[in-house]
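*Asks:* There's a structure below that I have some questions on.
The values are calculated or read from the model by the stated rules, or taken from the named source; none is laboratory data. Computed from a predicted structure; not experimentally measured. No Cβ is skipped: glycine too gets one built from the backbone with ideal geometry, and neighbour counts run over all protein chains shown. Areas reflect the complete protein model, heavy atoms only, side chains present, ligands, DNA and RNA absent. Shrake-Rupley method; radii C 1.70, N 1.55, O 1.52, S 1.80 Å.
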Amino acid sequence: MAAIGVALSCSCLRPGVWLLKPGAHTMSSLGLHTAARCAAKDYYEVLVLGGGSGGISMSARMKRKVGAENVAVVEPSKTHYYQPLWTLVGAGAKQLETSARPTESVMPKGVEWIKSRVMALDPDKNCIRLENDVKVSYKYLIIALGISLHYEKIKGLPEGFHHPKIGSNYSVHTVEKTWKALQDFKEGNAIFTFPNTPVKCAGAPQKIMYLSEAYWRKTGKRPKANILFNTSLGVIFGVKKYADALTEIIKERNITVNYKRNLVEVRADKQEAVFENLDKPGVTEVHQYEMLHVTPPMGPPDVLINSPVADEIGWVDVNKETLQHKKYPNVFGIGDCTNLPTSKTAAAVAAQSGVLDKTISLVMKNQLPTKKYDGYTSCPLVTGYNKVILAEFDYNAQPLETFPIDQSKERITMYHMKADMMPFLYWNALLKGYWGGPAPIRKLMHLGLK
């Protein structure tokens, strides 16, 4: 792309300096750096790192704010995936190709797509470094780099996926292996795991378990399946209202839950999974499996770890209400790569995008942000091929429900919303910067009840 070619000769801007006009040096009341811009296309008013849901949504919003020619997105992938659909792909209810579109087709028209990888961030100089030492500078930076999967932290993976009877809904390369393992199941243990790290969509590891159980009931294999959910957590779900409902389902469907169990090794040739007991350091258990679904350990992208924008773990360190960086006022974060203390989901990204849009608008006007993100996130807990418990909650793990019904109950309507309505909303509203979460609907619903 043009931006990469012309940026080769440009160095980062000097620290602490930005120009609103050539020859002028100023500092805004919010401490934003302003300095002379470099030659064309090595500088953007808004630079977005990451072309996932948060990055594309925010680039669409920023295009309307400052013009397409002043916005760029750094994203190396040629394909954009709607990953929440992979739960249903792994259960054979959807086809993988329906979750994919070319990145070019979701990139806002006129916005520069920099097809490269971010190698370093230098917020003191308001620039980033790409592959081949290309440097691009910015006035405002939005970090939307997502979360990294670490199958390699489990001994025996990822090479174990070459064997049958093992899959994972978290990767485009392994999600169809889940469906194959589900179909090929004959008799024995079916094990579903949850790692000892933060994860995206924390409900997904058990959604595929409920779908598998339903499939085996339908195909007559259920009596031969011993279903185990081995989770590193101490609870089935972090919000009591929904945890209580899930506990009842688990009891009704004769599923065994082993808490504080973390998968540390897969011996795929022997169909063995090794778990550490987190309550007894050094103690491990070996389980034979006929099917194994792996949720991998996850963490911040490597480029963020030990970078100036990260906290001590490696997540982008933002204000949890405004999504503005705690140290660099012209830097913002959204989605899975941030240290926001809420569940990492596409629904959370939607709600965050609306707040971040307002935050950046005010910062651009040298005003303090006022819109506050309440931690809203949602997890449609798929409990069967036509059943969903729609969990919605906030920072305090308190229900924050959209509809005036008891959402802790399994409903067919919520399944269709998950399977059919949400993908449409994702492609046609969220990615185009028009969907900021269900808060307006919730407000109208509850006003209608008064």
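*Asks:* If you put +1 on each Lys and Arg Cβ and -1 on each Asp and Glu Cβ, how big is the dipole of the range 72-121 around its Cα centre, in Debye rounded to 20?
*Replies:* Dipole magnitude for the range 72-121 comes out near 40 debye.
*Asks:* Taking the Cα atoms only, what angle lies between the long axis of helix 53-66 and the longest principal axis of the chain, rounded to 10 degrees?
*Replies:* Approximately 30 degrees, to the nearest 10.
*Asks:* Explain nothing, just the number: dipole magnitude of the chain about its Cα centre with +1 on each Lys and Arg Cβ and -1 on each Asp and Glu Cβ, in debye rounded to the nearest 20.
*Replies:* 1000
*Asks:* Helix 439-448 versus the longest principal axis of the chain: what is the Cα-based angle in degrees, 0 to 90, to the nearest 10?
*Replies:* Roughly 70 degrees between the two axes.
*Asks:* Sticking with this structure for a sec: Nearest 5 percent is fine: what portion of the DSSP beta bridges confined to the range 192-281 is antiparallel?
*Replies:* 50
*Asks:* Something else about it: How tilted is helix 240-252 with respect to the longest principal axis of the chain? Cα atoms for both, answer in degrees (0 to 90, nearest 10).
*Replies:* Result, in degrees: 30.
*Asks:* Here's another thing I want to ask about it. Taking 0.36 nm per residue of sequence separation and subtracting the Cα-Cα distance, how much length would be gained by fully extending the chain between LYS371 and GLU265, in nm to one decimal?
*Replies:* Using 0.36 nm per residue and subtracting the Cα-Cα distance, I get 33.6 nm.
*Asks:* For LEU233, tell me the accessible area in Å² from a 1.4 Å probe, rounded to the nearest 10.
*Replies:* Approximately 70 Å² for this residue.
*Asks:* Express the accessible area of the chain per residue in Å², computed with a 1.4 Å probe while the remaining protein chains stay in the model. Please report the intermediate quantities before stating the final value.
*Replies:* Details: 19170 Å² over 450 residues.
With the other protein chains kept in place, the chain gives 43 Å² per residue.
*Asks:* Turning to a different aspect of this structure: If each residue of separation counts as 0.36 nm, what is the full-extension length gain between LYS186 and ASN132 once their alpha-carbon separation is subtracted?
*Replies:* Stretched fully, the LYS186-ASN132 segment lengthens by 14.3 nm.
*Asks:* For the range 85-169, what does the alpha-carbon gyration tensor say about shape, rounded, prolate or oblate, given a ≥ b ≥ c as the root eigenvalues, a/c under 1.5 as rounded, and a/b over b/c as prolate?
*Replies:* Values: a/c = 3.15, a/b = 1.65, b/c = 1.91.
Because a/c hits 1.5 or more and a/b fails to exceed b/c, the range 85-169 counts as oblate.
*Asks:* Taking Rh as the Kirkwood radius computed over C-alpha pairs, what is the Stokes-Einstein D of the range 214-355 at 20 °C in a medium of viscosity 1.002 mPa s, expressed in µm² per second?
*Replies:* Translational diffusion coefficient: 116 µm²/s.
*Asks:* Can you tell which of HIS416, VAL46, SER137 lies farthest toward the positive end of the dipole of the chain, using +1 and -1 charges on the Cβ of basic and acidic side chains (Lys, Arg; Asp, Glu)?
*Replies:* Of HIS416, VAL46, SER137, it is HIS416.
*Asks:* Let me ask something else. List the lysines whose alpha-carbon lies under 27 Å from that of LYS241, not counting same-chain residues fewer than 8 positions away?
*Replies:* Partners found: LYS200, LYS207, LYS251, LYS260, LYS320, LYS344, LYS372, LYS387, LYS409, LYS418, LYS443, LYS450.
*Asks:* A further question on this structure: Report the far tail of the P(r) of the chain, meaning the percent of Cα-Cα pairs longer than 39 Å.
*Replies:* 24
*Asks:* Treating only the Cβ of Lys, Arg, Asp and Glu as charged (+1, +1, -1, -1), what charge dipole size does the range 220-327 show about its Cα centre? Round to the nearest 20 debye.
*Replies:* 460
*Asks:* Could you tell me what percent of the accessible area of the range 113-224 is made up of carbon and sulfur, with a 1.4 Å probe and every protein chain present?
*Replies:* 49
*Asks:* Picking from ASN196, LEU278, THR342, whose Cα lies most toward the positive end of the charge dipole for the chain (charges on Cβ: Lys, Arg +1; Asp, Glu -1)?
*Replies:* In the chain, that residue is THR342.
*Asks:* Show me the ranking of peptides 421-430, 199-208 by mean Cβ neighbours inside 10 Å, starting with the highest. Working shown, then result.
*Replies:* Numbers: 421-430: 16.1, 199-208: 23.0.
Final packing ranking: 199-208, 421-430.
*Asks:* Answer rounded, prolate or oblate for the range 178-271, using the Cα gyration tensor with square roots of eigenvalues a ≥ b ≥ c: rounded when a/c is under 1.5, else prolate when a/b is larger than b/c, else oblate.
*Replies:* It comes out oblate by the Cα gyration axes.
*Asks:* With all protein chains present, calculate the accessible area of ASP302 using a 1.4 Å probe and round the result to the nearest 10 Å².
*Replies:* 120
*Asks:* Heavy atoms of the protein only, probe of 1.4 Å, neighbouring chains included. What is the accessible area of LYS240 in Å², nearest 10?
*Replies:* My reading of the accessible area for LYS240 is about 140 Å².
*Asks:* If you plug each phi of the range 202-214 into the Karplus form 6.51 cos²θ - 1.76 cosθ + 1.60 with θ = phi - 60°, what whole-Hz ³J(HN,Hα) values come out, in order, with x for Gly and Pro?
*Replies:* Each residue of the range 202-214 in turn: 5, x, 4, x, 9, 4, 5, 5, 5, 5, 4, 4, 5 Hz.
*Asks:* Next question. Helix-only estimate, please: 222 nm mean residue ellipticity of the chain, summing -39500 (n - 2.57) across DSSP H runs of length 4 or more and dividing by its residues, to the nearest 500.
*Replies:* -6500 deg cm²/dmol
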